[in-house]
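Notes follow the structure.
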Amino acid sequence: MKLHEFQAKALFREAGLPVPRGRAAATADDAAAAFTELGAALGVVKAQIHAGGRGKAGGVKLVRSAAEAKGVADALLGKPLVTKQTGPGGTIVRRLLVEEGLPLDKEFYAAVLLDRRLEAPILMASSQGGMDIEEVAEKDPNAIVRETIDARAGLHGFQARRMAFRLGFPKALVNKAAAVLQGLVRVFLDRDASLVEVNPLVTTKDGRVVCLDGKVVIDDNALYRQTAVAGMRDVDEEDPTERRAKDAGLSYIKLDGNIGCLVNGAGLAMATMDLVKLHGGEPANFLDVGGGATTEQVTNAFQIILEDPAVKGILVNIFGGILRCDVLAEGVIAATKAVGLKVPLVVRLEGTNVDKGRELLRNSGLAIVPATDLTDAAKKIVEAVS
């Protein structure tokens, strides 16, 4: 679950990390009032969307008066902001963060994330922070330094100070920088995050180390024990279809093709999409109904797939283990009747009670095309939509 910058900074502030003074605003008048409350000569108005690249896209503006803050807010609120991460349609800006401007000196980058190769969290940082950190990582990998984190003990003091020295923080600020790095790791561990990122982490001309930006992503699997953070979920930032699928207990991601895929198991779903592409088709989605799907969930899955007008056919690929093939077949038959399916449907079943499942499909009286294996299924659905 992604958090907005103002929400991430609330977690930082709670953890004792230095962040600029500021608050969220939902209207232009509120943005003007927020600037006045700051009592600062310089302010920053930032669009709050779940996407990076806001600065380059015009979503971050400096302002020097309440009137300027209101004007920038008017220009941003209710309109799509298109960044390199939003896609061509952009994301509607519904909230802003109004903060004090700071006397910046130097920008750094810092992030805590999981290194799956090491099977441990790592702190990753660079002395070249700012909007082009992705280019830095691509062109000069040696500019990125790393420390492996003990998930039980956190980032040790010696590791934090070593990182601060390697990044080139002035000697007088090394301890402050180390404390911030340790604090970011604490947020990552305490909040069950999958990512905590600050870009940029800055030093100021008056001798501070400040988290100028903040990005936090919480592991969805841990939300049951992160109840306070779970309340920060912004459903407006989520794809409506993906949100509906999530609420129905389905894992769904929309893609750009025309073949809808309904599969049980994430690995099998990815293999199914690979086979579809191998034989010349384009998957319209990733959809995992899980190991214990009910008839209601299968019906929901069909409805969600068919909400995409690009879908010209559906491939169902089930390996029956926990989910028996006969139960799935009953669900497919009921779902097909419920949605009034008008596009080709290819079904491949294998596993527990497969013969009974195939018999149910064969005797259903519906236009269901059976497949003997995954390759056969992929070829048949590609041919059907061609």
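The dipole here belongs to the chain: it is taken about the Cα centre, uses +1 on the Cβ of Lys and Arg and -1 on the Cβ of Asp and Glu, and is about 740 debye.
Going from the residue with the fewest nearby Cβ atoms within 10 Å to the one with the most, Thr227, Thr83 rank Thr227, Thr83. Couplings 3J(HN,Hα) for the range 160-165, derived from phi with the Karplus relation 6.51 cos²θ - 1.76 cosθ + 1.60 (θ = phi - 60°), are 5, 5, 4, 4, 4, 5 Hz, where x marks Gly and Pro. The Cβ shell under 13 Å around Leu181 holds other residues with a net charge of +4, Lys and Arg each +1, Asp and Glu each -1.
Near Gly351, the amide H atoms lying under 5 Å from its own belong to Gly320; only residues 5 or more places off or on other chains count, and H is placed 1.01 Å from N. Among Asn363, Val44, Thr375, whose Cα sits farthest toward the positive end of the charge dipole of the chain (+1 at Cβ of Lys/Arg, -1 at Cβ of Asp/Glu, about the Cα centre)? Comparing the listed Cα positions along the dipole, Val44 ranks first.
How big is the gap, in Å, between the Cα center of the range 34-82 and the Cα center of the range 85-159? After rounding, the separation between the Cα centres reads 22 Å. Think of it as helices only: each DSSP H run of n ≥ 4 in the chain is worth -39500 (n - 2.57), and spread over all residues that comes to -11000 deg cm²/dmol at 222 nm. Choose one of Val217, Ala228, Phe158: the residue whose Cα lies farthest towards the positive end of the charge dipole of the range 104-230 (beta-carbon charges +1 Lys, Arg; -1 Asp, Glu; about the Cα centre). Of the candidates, Phe158 comes out farthest on the positive side. In terms of surrounding Cβ atoms within a 10 Å radius of their Cβ, Cys261, Cys211 rank from fewest to most as Cys211, Cys261. Within the listed set Ala125, Ala33, Ala73, the Gaussian network model of the chain (springs between alpha-carbon atoms below 10 Å) gives the highest mean-square fluctuation for Ala33. What the phi angles of the range 50-65 give under the Karplus curve with 6.51, -1.76 and 1.60, with θ = phi - 60°, is a coupling list of 8, 7, x, x, 5, x, 5, 8, x, x, 10, 10, 7, 9, 10, 7 Hz, glycine and proline written as x.
Within the shell of other residues whose beta carbon sits under 11 angstrom from the beta carbon of Ala75, the net charge comes to +1, with Lys and Arg scored +1 and Asp and Glu -1.
Helix 325-339 axis versus longest C-alpha principal axis of the chain: approximately 80°, rounded to the nearest ten.
Rank Leu76, Leu345, Leu181 by mean-square fluctuation in a GNM of the chain with C-alpha springs under 10 angstrom and give only the top-ranked residue. Answer for the Gaussian network model of the chain: Leu345. Annotation: amide H of Arg21 within the under-5 Å range of Glu100, sequence separation 5 or more or interchain, hydrogens built in the peptide plane. Applying 1/(1 + (r/R0)^6) with R0 = 25 Å to the Cβ-Cβ distance of Ser364 and Ile322 gives a FRET efficiency near 0.60. Summing Lys and Arg as +1 and Asp and Glu as -1 over all other residues whose Cβ lies under 15 Å from the Cβ of Lys356 gives a net charge of -2.
Values of log10 I(q)/I(0) for the chain across q = 0.07, 0.12, 0.13, 0.15 Å⁻¹ run -0.43, -0.97, -1.05, -1.20, by the Debye formula with one identical scatterer at each alpha carbon and no solvent.
Taking the Cα centroid of the range 245-259 and of the range 327-386, what is the distance between the two, rounded to the nearest whole Å? Centre-to-centre (Cα) distance: 19 Å. Each Lys and Arg contributes +1 and each Asp and Glu -1, all at the Cβ; summed about the Cα centre of the range 240-385, the dipole is approximately 200 debye. The charge dipole of the range 104-230, taken about its Cα centre with unit charges on the Cβ of Lys, Arg, Asp and Glu (plus for the first two, minus for the last two), comes to roughly 600 debye.
In this structure the amide hydrogen of Gly313, modeled in the peptide plane, comes within under 5 Å of the amide hydrogens of Gly260, none closer than 5 places in sequence on its chain. Per-residue 3J(HN,Hα) values for the range 350-364, derived from phi via the Karplus relation 6.51 cos²θ - 1.76 cosθ + 1.60 with θ = phi - 60°, read 7, x, 4, 6, 5, 5, 5, x, 5, 5, 4, 5, 5, 9, 6 Hz in sequence order (x marks Gly and Pro).
Structure remark: mean-square fluctuation, Gaussian network model of the chain, C-alpha springs under 10 Å; the largest value among Phe35, Phe169, Phe319 belongs to Phe319.
No value in this document is a laboratory result; all are computed from the given coordinates. This is a predicted model, so every value here is computed, not measured. Note that each Cβ is placed from the backbone with ideal geometry, even for glycine, and that neighbours are counted across all protein chains shown.
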